[in-house]
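Worksheet for the structure shown next.
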Amino acid sequence: MQFIDLERQYRVIEDDVKRRMNNVLETQHYIMGPEVLEMEKKLADFVGRKYCLSCASGTDALVIPLMAYGLTKKDAVFVPSFTFFASAESVNLAGGTPIFVDIDEYYNMNPDSLEKAINKTLEEGKLIPRGIIPVDLFGQSADYDAILPIAEKYGLFVLEDAAQGFGGNIRGKRNGSFGDVSATSFFPAKPLGCYGDGGAIFTDDEKLYKLMTSIRVHGQGNDKYDNVRMGLNGRMDTLQAAVILSKLEVFEKELIERNRVADSYRRHLEGVFELPKVQEGFYSSWAQFTMRAKDSEQRDEIIAKMKKKNIPIMVYYPIPLHEQTAYSSENHDKESLRFGSEVAKRVFSVPMHPYLEENEIVAICDALKDIVGA
Ligand SMILES: *Cc1c(COP(=O)(O)O)cnc(C)c1O
């Protein structure tokens, strides 16, 4: 069994992907070909933003807007402690300093913890609060109803990390449209993935969009060889855009299927583990279906025994960011990051993709129940 079965998806879209990729091969516009612009337009319409700027990865989609904000080491950017490394790494790459914030029961940034961290930073006076990176972890939007007013109150920018959240929404307002600017990833395993690395940035801010367009290509000015600022080679290639165009055709249907799979897991595993909760009015794109075992021993047992049954189990994430070696030299308010550290010991994720069939879900759930004696 595959954790994310990209082959089944490929069989569904095969003809269309081949046709679109072949068209790129026949016309040789490998960089910034017409498919890139067509995709950007469709993605902007999909999320409901004025501008979409595609780029080379989800990491670049975070780094480019942060470079546009012109961070220095004294600038603090608030990031949840429980997320993929790139959510915070991007801040360092852009020259700023990440400050970690605890998560809530939805695995997303805890708004109370955020406000406490902002106030603590202000009191200490060493760093200047500049921005917030809420993450739509596992497919569910962060709590923007609570976070956006805090950003407003303290005058901070909000960069939404929607790398896992593309396709999710809050009362119909889609992920990729929250805050000042949003980043997503098209890494193959994400809800909307290409066949390599890719990403996209969304904003309604024309000035920011123009600045990011320049940063995407070596800080380009009016002319290709006129460089007015530092930038990078951050373009997404045309073949990958062709793949995204193809996958967009089936994406809405896949979201419904992902929710079908999540509902089914929920029905079969009710009362057995701590299941993922979805906030009222939120719609998840279910990048992952993540639950909590009783303790780390039970989780180890589950992983080992499921492996024997050939069912892959993944742990997202075993080490919170403030406990990562790369951040070990910094001072963290560990006590305030307790919940993320605690869940990191117990979380595990089961296979999740739109093509998972009911009999497979039942087999996975039966195996899990068998292991824990439920
Ligand atoms: C995957 C991911 C990224 C980085 O995306 P890449 O395309 O792999 O660079 C950033 N943030 C989160 C939350 C992610 O899951």
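Derivation of every value follows stated rules applied to the coordinates shown; laboratory data play no part. From a predicted model like this one, the values you see are computed outputs, not experimental measurements. Neighbour counts are summed over all protein chains in view; Cβ atoms, including those assigned to glycine, are modelled from backbone coordinates with ideal geometry.
Points worth noting:
- Once C-alpha pairs closer than 8 Å and six or more residues apart are averaged by separation and normalised to the residue number of the chain, the relative contact order reads 21 percent.
- Entry note, the chain: the mean residue ellipticity at 222 nm calculated from DSSP H runs of n ≥ 4, each adding -39500 (n - 2.57), is -13500 deg cm²/dmol after division by the residues and rounding to the nearest 500.
- Neighbour-count ranking [beta-carbon atoms within 10 angstrom, fewest first] of His332, His29: His29, His332
- Share antiparallel - DSSP beta bridges, the chain, percent rounded to 5: 60 percent
- Shape box of the chain [Cα atoms, principal axes, largest first, Å]: 66, 60, 36
- Summing Lys and Arg as +1 and Asp and Glu as -1 over all other residues whose Cβ lies under 15 Å from the Cβ of Ile128 gives a net charge of +2.
- In order along segment 33-50, phi translates into HN-Hα couplings of x, x, 4, 5, 5, 4, 5, 4, 4, 5, 5, 4, 4, 4, 7, x, 10, 5 Hz, rounded to whole numbers, per the Karplus curve 6.51 cos²θ - 1.76 cosθ + 1.60 with θ = phi - 60° and x for Gly and Pro.
- Karplus-derived 3J(HN,Hα) values for segment 299-315, using 6.51 cos²θ - 1.76 cosθ + 1.60 with θ = phi - 60°, are 5, 4, 5, 4, 4, 5, 6, 5, 4, 4, 8, 6, 10, x, 10, 10, 10 Hz; glycine and proline are entered as x.
- Range in the chain, longest, excluding exposed GluC sites (Glu not before Pro) [loop by DSSP; at most 14 other beta-carbon atoms within 10 Å]: 106-269
- Distance between the 7 Å Cα→Cβ label points at Asp145 and His332: 3.0 nm.
- The value for segment 39-176 of Rg(Cα) / (2.2 N^0.38 Å) is 1.00.
- On the beta carbon distance between Glu124 and Lys309, with R0 = 41 Å, the FRET formula returns roughly 0.20.
- Rounded to whole Hz, the Karplus (6.51, -1.76, 1.60) HN-Hα couplings of segment 285-297, x for glycine and proline: 8, 6, 4, 9, 10, 10, 10, 10, 7, 4, 7, 5, 5
- A DSSP coil position with no more than 11 other Cβ atoms inside 10 Å describes the following trypsin sites (Lys or Arg not before Pro) in segment 154-202: Arg171.
- Its relative contact order, with pairs defined as Cα atoms under 8 Å and 6+ residues apart, puts segment 312-362 at 55 percent.
- Charged neighbours of Gln240, selected by a Cβ distance under 12 Å, balance to 0 (K, R count +1; D, E count -1).
- Full extension of the chain between Asp370 and Glu252 gives 39.0 nm of extra length, using 0.36 nm per residue less the Cα-Cα distance.
- Radius 9 Å from Cβ of His322, net charge of other residues (Lys, Arg +1; Asp, Glu -1): -2
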